[in-house]
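S.K.: Structure below; questions to follow.
The values are calculated or read from the model by the stated rules, or taken from the named source; none is laboratory data. Quick caveat, the model's predicted, so the values are computed rather than measured. For neighbour counting, all protein chains shown are included, and Cβ atoms are generated from backbone atoms with ideal geometry for every residue, glycine included.
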């Protein structure tokens, strides 16, 4: 694809704030994002994806596809959302992360402070405060409804949030495009309270996007990101070590920073005990997961190269809200590393 066509495809694929003018810098940002993408099925071989547009509106591809010339897999773009999982992603009605009540719960958890709720925590501000401003790209793996990605857009040149929940990504993209969101918070039983979430005026959205993807098979070129985050997700994955290996693959070999945090609520409903990174009495990851992951990052377990230097670690408390009388307080163990 020639550069002019690449810019045009990137402009159509990645939706940004439509109220602004489209200057050269913004076009370069979009082209850079498109050029990061590879076929997640063909990893570690890096096969670039080809764009096909069936229907577009302004800057959005409403319907289209990204195809791999190597394995012939086609990744759909539907309702403006790019689906970049190795297997075709079909959301199940029974998947709790696709349910409106769960989306509302996560929206409160991410943005309760912006709603002025005195029950909200400042967890996302604390996590964001651990990341230094930097040139380059930032990846928010398992972004849910997007708060950390929005925070990182103030610190990095380009930020990509990904999650395998279609409902989460659809919600984050709507907030990105409109800068406001009307939602119904469960109060009690069938009672709901309407609220409006509005992004602060100084929060950038032009250098930000969200896609549906698998955190265990990242659709990005190696050594692409100088900032990376994995927040409250690793205990929800079938293969946690694969996720950390993928984070390591797409991180720059030097000049990178990585923020990890998790409550380590291991469950055999999600992954077999042999895949856990802690919480067992035997095996390569026996003991507490925070210690094991520090050892893993520092090269003491021989899996991740080049090694990371752990700068700090500790707990951050955050909340999930089910309804106005029910909150869950969670102790998430963070690790901040650099290399």
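S.K.: Confirm whether residue 227 is buried (at least 17 other Cβ atoms within 10 Å of the Cβ) and either farther than 20 Å from residue 38 by Cβ or in the same structural domain as residue 127 (by TED's automatic domain parsing) (or both).
M.R.: Numbers: buried (at least 17 other Cβ atoms within 10 Å of the Cβ): yes; either farther than 20 Å from residue 38 by Cβ or in the same structural domain as residue 127 (by TED's automatic domain parsing) (or both): yes.
The answer is yes for residue 227.
S.K.: Follow-up. Checking the structure you have, find out if any residue of segment 24-43 is part of a strand (DSSP E or B) and either surrounded by fewer than 18 Cβ atoms within 10 Å (Cβ to Cβ) or modelled with pLDDT of 85 or more (or both).
M.R.: Let us first name the residues in segment 24-43 that are part of a strand (DSSP E or B), namely 37-38.
The next check asks that each one be either surrounded by fewer than 18 Cβ atoms within 10 Å (Cβ to Cβ) or modelled with pLDDT of 85 or more (or both); those that pass are 37-38.
Yes, that holds for at least one residue.
Conditions tested, residue by residue: (1) touching a residue at least 60 places away in the same chain (Cβ under 8 Å); (2) out of contact with any strand residue (DSSP E or B) (no Cβ under 7 Å at 6 or more places or on another chain); (3) over 16 Å from residue 111 (Cβ atoms).
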{"position": "191", "(1), (2), (3)": "no, yes, yes"}
{"position": "225", "(1), (2), (3)": "yes, no, yes"}
{"position": "230", "(1), (2), (3)": "yes, no, yes"}
{"position": "235", "(1), (2), (3)": "no, no, yes"}
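S.K.: Moving to a separate point now. Starting from segment 200-216, take each residue that is in the same structural domain as residue 141 (by TED's automatic domain parsing) and more than 12 Å from residue 166 (Cα to Cα) and list its partners that are surrounded by fewer than 20 Cβ atoms within 10 Å (Cβ to Cβ) and at pLDDT 95 or above, counting only C-beta distances under 6 angstrom and pairs at least six apart or across chains.
M.R.: 216/239; 216/242
S.K.: Next question, about the same structure. Taking the conditions exactly as written (under 14 Å from residue 339 (Cα atoms), assigned by TED's automatic domain parsing to the domain that holds residue 155 and either part of a loop (DSSP other than H, G, I, E, B) or modelled with pLDDT of 95 or more (or both)), does residue 261 satisfy them or not?
M.R.: Numbers: under 14 Å from residue 339 (Cα atoms): no; assigned by TED's automatic domain parsing to the domain that holds residue 155: yes; either part of a loop (DSSP other than H, G, I, E, B) or modelled with pLDDT of 95 or more (or both): yes.
No; evaluated as a whole, the condition is false for this residue.
S.K.: Given the residues 289, 271, which is the only one that is surrounded by 18 or more Cβ atoms within 10 Å (Cβ to Cβ) and either farther than 19 Å from residue 230 by Cα or touching a strand residue (DSSP E or B) at 6+ places or on another chain (Cβ under 8 Å) (or both)? Don't jump to the end; show me each part of the working.
M.R.: Details: 271 fails: either farther than 19 Å from residue 230 by Cα or touching a strand residue (DSSP E or B) at 6+ places or on another chain (Cβ under 8 Å) (or both).
Checking each option against the conditions leaves just 289.
S.K.: Ok, one more. Hey, does segment 152-165 have a residue that's in contact with a strand residue (DSSP E or B) (Cβ under 8 Å, 6 or more places away or on another chain), without any contact (Cβ under 8 Å) to a residue 40 or more places away in the chain and either surrounded by fewer than 24 Cβ atoms within 10 Å (Cβ to Cβ) or not assigned by TED's automatic domain parsing to the domain that holds residue 269 (or both)?
M.R.: So far as segment 152-165 goes, no, none of its residues is in contact with a strand residue (DSSP E or B) (Cβ under 8 Å, 6 or more places away or on another chain), without any contact (Cβ under 8 Å) to a residue 40 or more places away in the chain and either surrounded by fewer than 24 Cβ atoms within 10 Å (Cβ to Cβ) or not assigned by TED's automatic domain parsing to the domain that holds residue 269 (or both).
S.K.: Looking at 179, 221, 170 in this structure, which one is farther than 27 Å from residue 116 by Cα and over 12 Å from the mean Cα position of the chain (by Cα)? Don't jump to the end; show me each part of the working.
M.R.: On the way: 179 fails: farther than 27 Å from residue 116 by Cα; 170 fails: farther than 27 Å from residue 116 by Cα.
Matching residue, one of 179, 221, 170: 221.
S.K.: Please determine whether any residue of segment 159-167 is in a helix (DSSP H, G or I) and farther than 25 Å from residue 226 by Cβ.
M.R.: Taking segment 159-167 as the starting set, the residues that turn out to be in a helix (DSSP H, G or I) are 166-167.
Add one more test, that the residue is farther than 25 Å from residue 226 by Cβ, and what stays is 166-167.
Yes, because at least one residue in segment 159-167 is in a helix (DSSP H, G or I) and farther than 25 Å from residue 226 by Cβ.
S.K.: In the same structural domain as residue 333 (by TED's automatic domain parsing), in contact with a strand residue (DSSP E or B) (Cβ under 7 Å, 6 or more places away or on another chain) and either without any contact (Cβ under 8 Å) to a residue 24 or more places away in the chain or surrounded by fewer than 12 Cβ atoms within 10 Å (Cβ to Cβ) (or both): is that true of residue 278 in this structure?
M.R.: yes
S.K.: Quick test of your reading of the structure: residue 17 fulfils all but one of (1) out of contact with any strand residue (DSSP E or B) (no Cβ under 9 Å at 6 or more places or on another chain); (2) at pLDDT 80 or above; (3) closer than 30 Å to residue 318 by Cβ. Name the failing condition by number.
M.R.: Against the list (1) out of contact with any strand residue (DSSP E or B) (no Cβ under 9 Å at 6 or more places or on another chain); (2) at pLDDT 80 or above; (3) closer than 30 Å to residue 318 by Cβ, residue 17 comes up short only on (2).
S.K.: Is it the case that segment 235-250 has a residue that's crowded, with 20+ Cβ neighbours inside 10 Å, in a loop (DSSP other than H, G, I, E, B), touching a helix residue (DSSP H, G or I) at 6+ places or on another chain (Cβ under 8 Å) and at pLDDT 95 or above?
M.R.: Within segment 235-250 (the criterion being crowded, with 20+ Cβ neighbours inside 10 Å, in a loop (DSSP other than H, G, I, E, B), touching a helix residue (DSSP H, G or I) at 6+ places or on another chain (Cβ under 8 Å) and at pLDDT 95 or above), the answer is yes, since at least one residue qualifies.
S.K.: If I go through segment 44-77 residue by residue, how many of them are more than 14 Å from residue 218 (Cα to Cα) and modelled with pLDDT of 80 or more? Let's see the steps before the verdict.
M.R.: Filtering segment 44-77 for residues more than 14 Å from residue 218 (Cα to Cα) gives 50-74, 76-77.
With the extra rule that they be modelled with pLDDT of 80 or more, the set shrinks to 50-52, 54, 63-74, 76-77.
Result for segment 44-77: 18.
S.K.: How many residues does segment 282-318 contain that are out of contact with any helix residue (DSSP H, G or I) (no Cβ under 6 Å at 6 or more places or on another chain) and assigned to a strand (DSSP E or B)?
M.R.: Of the residues in segment 282-318, 8 are out of contact with any helix residue (DSSP H, G or I) (no Cβ under 6 Å at 6 or more places or on another chain) and assigned to a strand (DSSP E or B).
S.K.: Additional query: Out of segment 166-189, which residues are closer than 18 Å to residue 97 by Cβ and free of Cβ contacts under 8 Å to residues at least 24 places away in the same chain?
M.R.: Hit for segment 166-189 is 174, nothing else.
S.K.: Restricting attention to segment 208-226, report how many residues are assigned to a strand (DSSP E or B) and out of contact with any helix residue (DSSP H, G or I) (no Cβ under 8 Å at 6 or more places or on another chain).
M.R.: 2
S.K.: Now, a different point. Could you please give the count of residues in segment 137-150 that are in a loop (DSSP other than H, G, I, E, B) and touching a strand residue (DSSP E or B) at 6+ places or on another chain (Cβ under 7 Å)? First the steps, then the outcome.
M.R.: Going through segment 137-150, the residues in a loop (DSSP other than H, G, I, E, B) turn out to be 142-146.
After this cut, where a residue has to be touching a strand residue (DSSP E or B) at 6+ places or on another chain (Cβ under 7 Å) as well, the list is 142-144, 146.
Result for segment 137-150: 4.
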